[in-house]
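> To start, I am sharing the structure in question, which I have written as structure tokens.
Nothing in this text is a laboratory measurement; each read-out follows from the coordinates by a stated rule. Bear in mind the structure is a predicted one, so any value in this text is a computation, not a measurement. No Cβ is skipped: glycine too gets one built from the backbone with ideal geometry, and neighbour counts run over all protein chains shown.
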């Protein structure tokens, strides 16, 4: 039951106190995202780790002035592929073959069928699919932060195109999806810290089909 207790402890921290989070804990949180499952094992996103105060200050206006951007210890930017290319689809299967000692081309039928279907889609559809995979890792990072008793603020409140330009993500073939601010709560100045966590009632949340 420890995971549920960790999730009850966490909340979307509104005010952080600037205390640094150890690199060991940051690495643990990122590793949780790295280990996340993704569709067809493509893992079509990256995590950008930012701790530089000057860069965080440049990001703050792009994020509507939210204080957590600069008061956090670290920002994790989840950025997804802007499109699926043949190389990007080939790469994870080649890695599987190498690390699992499988013959080259072990999954060619599956891979070629996958890319044939992907090729029929638009770049926007590619990004939307990749972004959904990024959110799986994002959720696990949130849970890992709670386990480590690191406060976190999930943030969609920013201008994606401006952040992409600032970080030059187009050069990496990436587009920003969401931001995870990590740090420690300012208990004296965060209006949300002592309020009851409110979620849908269990009976309203679950639909049982028999």
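> List the residues of region 128-170 whose backbone N lies under 11 Å from a point placed 7 Å from the Cα of residue 9 along the Cα-to-Cβ direction.
Label zone hits: 145-151.
> Compute the long axis of helix 86-100 from its Cα atoms, compare it with the longest principal axis of the Cα atoms of the chain, and write down the angle in degrees, 0 to 90, nearest 10.
In the chain, helix 86-100 runs at an angle near 90 degrees to the longest axis.
> Per the Kirkwood definition applied to all pairs of different Cα atoms, how many angstroms is the hydrodynamic radius of region 94-210?
After inverting the mean inverse Cα-Cα distance, the result is 18.9 Å.
> Suppose each label sits 7 Å from its Cα in the direction of the beta carbon; what would the residue 112-residue 58 distance come out to in nanometres?
The modelled label-to-label distance comes out at 4.6 nm.
> Another question about this same structure. How long is region 82-138 along each principal axis, judged by its Cα atoms, biggest number first, in Å?
Principal extents (largest minus smallest coordinate, Cα): 34, 28, 14 Å.
> Which order do peptides 85-95, 25-35 fall in by mean Cβ count within 10 Å, highest first?
25-35, 85-95
> Extent of the chain along each principal axis, from alpha carbon coordinates, in Å, largest to smallest?
Over the chain, Cα extents along the principal axes are 58, 51, 32 Å.
> Cβ neighbours within 10 Å, averaged per peptide: list 98-111, 152-165 in order, most packed at the top.
In decreasing order of mean packing, 98-111, 152-165 become 152-165, 98-111.
> Can I ask one more? Hull surface divided by four, with the convex hull built on the Cα atoms of region 14-64: how many nm²?
Approximately 5.1 nm², given one-decimal rounding.
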